[in-house]
Amino acid sequence: MPEFIAKIGTTDGTVMERSFSADSEGALLADLREREYHVFSVRRKSGLGGLLPRFGGGRSIRMKEFLLFNQELAALIRAGLPIVAGLDILLERRKNPAFRRALADVRDRVRGGAALSEAFDAQGDLFPKIFSSTLASGERSGEVANVLQRYIGYQKTILALRRKVVSALVYPACLFLISIVIIFIIITYVIPKFLDFYTDLGAELPLITRLLIGLSTLVTDWLPALAVAVVVFALAFRAWRQTARGRLSLDRLKLRLPILGPIWERFAVTRFVRTLSTLLAGGIPMVTALGISARAVGNVQFEQELLRVEKKVREGGSLWQSLEETGRCSDIAIEMTKVGESTGALHEMLENVSEFYDEEIETRLSTIMSLLEPAMLIGMGVLVGAMLLAIYLPLLRSYAQSTF
């Protein structure tokens, strides 16, 4: 879907630029006017805009920051404070400019008579769809604070699981970066220092040394051009990654990686199952909950498969059979879903499935890290050792010939 940059004004006089997705410029203008924004200008986001990084004024809200906001909002609602007054208090505590602008718009909409869930839903992709749906279920039942507490528990679980995955990958990533830095220093600084020595030596250099010298000469002579090429490639890759085809290709690749692929797949499954359980527990209808949960997995390839599951369930199929056809869920997850559907305790069974997947992810991560870390250390040692051998081998040969 095309993206547009719109300069808009809110009812309280705030002027800001935001990014929107719409079928056309006319459709976006109609939507913005319906939402009572004053539109100053609308332009389509150019391809060059995707190449250039944005500094400051971003629209992202960190998950931890959003969790803190929900905890404060739930506490204010439990204390009996009116929603608008609570939003005024929370607005003053926000330091993120994007969050402040969005929260000001939410407050104005609620003050104008809109439901809290509708006001958050009107912010587009800035807030998760599951959040506004959870609020809507709480508004229907009159238990907004309770459903917020349930959503906070969901957020904490997802955040903890994401933290485990990221922390497990930090050490190998650091080892890899250190290896790259060491190799770069050897190629660009150490090898050129030995070139005059090799020339004075006058002996024929070993093949491994000649190859290393050729690589060093290539890198040092073409370093500016290589640096520009790397930057251009990185920017082009970033722009491509933001396209629909780029996101789909990368997410498909993630699921097919030999070691990390199963981890990404299980993380997507547990996020889907936990989201679906939270929505069903809040009284959201199955088909609606499936659509929201599919878009919350964070993987476009998996999302498309789950949307087909939603379509089959809407047409009368059972959830467990539709999930089984995707091939993404384990046999025990399918059986537990089947039992949950037949007994009417689906959200409880889905919660158990998500806990099962959480434990499996943690076990797999521990196993992979226990094997990956020594393998990377050995690989780094062998590579650096081979380069040092290539540097000093001519010296050792010359010393051996002069001795004997």
Label point distance in nm, ARG162-LEU389, each placed 7 Å from Cα along Cα→Cβ:
4.5 nm
Unsatisfied cross-links (Cα-Cα over 32 Å) in the set LYS7/LYS95; LYS254/LYS312; LYS95/LYS164; LYS7/LYS164:
LYS7/LYS164
Sites matching chymotrypsin sites (Phe, Trp or Tyr not before Pro) across the stretch 109-162 that sit in DSSP coil, with at most 14 neighbouring C-beta atoms within 10 Å
none
If each K or R counts +1 and each D or E counts -1, the residues other than GLU72 whose Cβ falls under 12 Å of its Cβ total +1
Distance (nanometres) between label positions extended 7 Å along Cα→Cβ at LEU307 and SER342:
3.3 nm
Which value, in Å², gives the accessible area per residue of the stretch 64-208 when a 1.4 Å probe is used on the protein heavy atoms?
51 Å²
Local net charge near THR134, Cβ-Cβ under 12 Å (Lys/Arg +1, Asp/Glu -1):
0
Considering only the other residues whose Cβ falls under 14 Å of the Cβ of ILE391, what net charge follows from Lys and Arg at +1 and Asp and Glu at -1?
+2
Can you quote the Å³ per residue value for the convex hull of the Cα atoms in the stretch 205-252, rounded to an integer?
80 Å³
Descending semi-axes in Å of the stretch 186-311, equivalent ellipsoid built from Cα gyration tensor
54, 16, 11
Can you work out the Karplus-derived ³J(HN,Hα) for every residue in the stretch 358-365? Use 6.51 cos²θ - 1.76 cosθ + 1.60 with θ = phi - 60°, whole Hz, and x for glycine or proline.
4, 5, 5, 4, 5, 5, 5, 4
Computed helical MRE - 222 nm, the chain, DSSP H runs ≥ 4 contributing -39500 (n - 2.57), nearest 500:
-25000 deg cm²/dmol
Could you give the length gained by full extension between ALA375 and THR243, i.e. 0.36 nm per residue of separation minus their alpha carbon distance, to one decimal place?
44.0 nm
Evaluate 2.2 N^0.38 Å with N set to the residue count of the stretch 280-404, then give the Cα radius of gyration divided by it.
1.94
Rounding to the nearest 10 and keeping the result within 0 to 90°, find how far the Cα-based axis of helix 129-141 lies from the longest principal axis of the chain.
20 degrees
For Rg and Dmax of the Cα atoms in Å, the listed values are (1) 27.9, 96; (2) 20.3, 60; (3) 23.0, 66; which was obtained by calculation from the structure presented?
(1)
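The values are calculated or read from the model by the stated rules, or taken from the named source; none is laboratory data. From a predicted model like this one, the values you see are computed outputs, not experimental measurements. For neighbour counting, all protein chains shown are included, and Cβ atoms are generated from backbone atoms with ideal geometry for every residue, glycine included. With ligands, DNA and RNA removed, areas are computed over all heavy atoms of the protein, side chains included. Shrake-Rupley method; radii C 1.70, N 1.55, O 1.52, S 1.80 Å.
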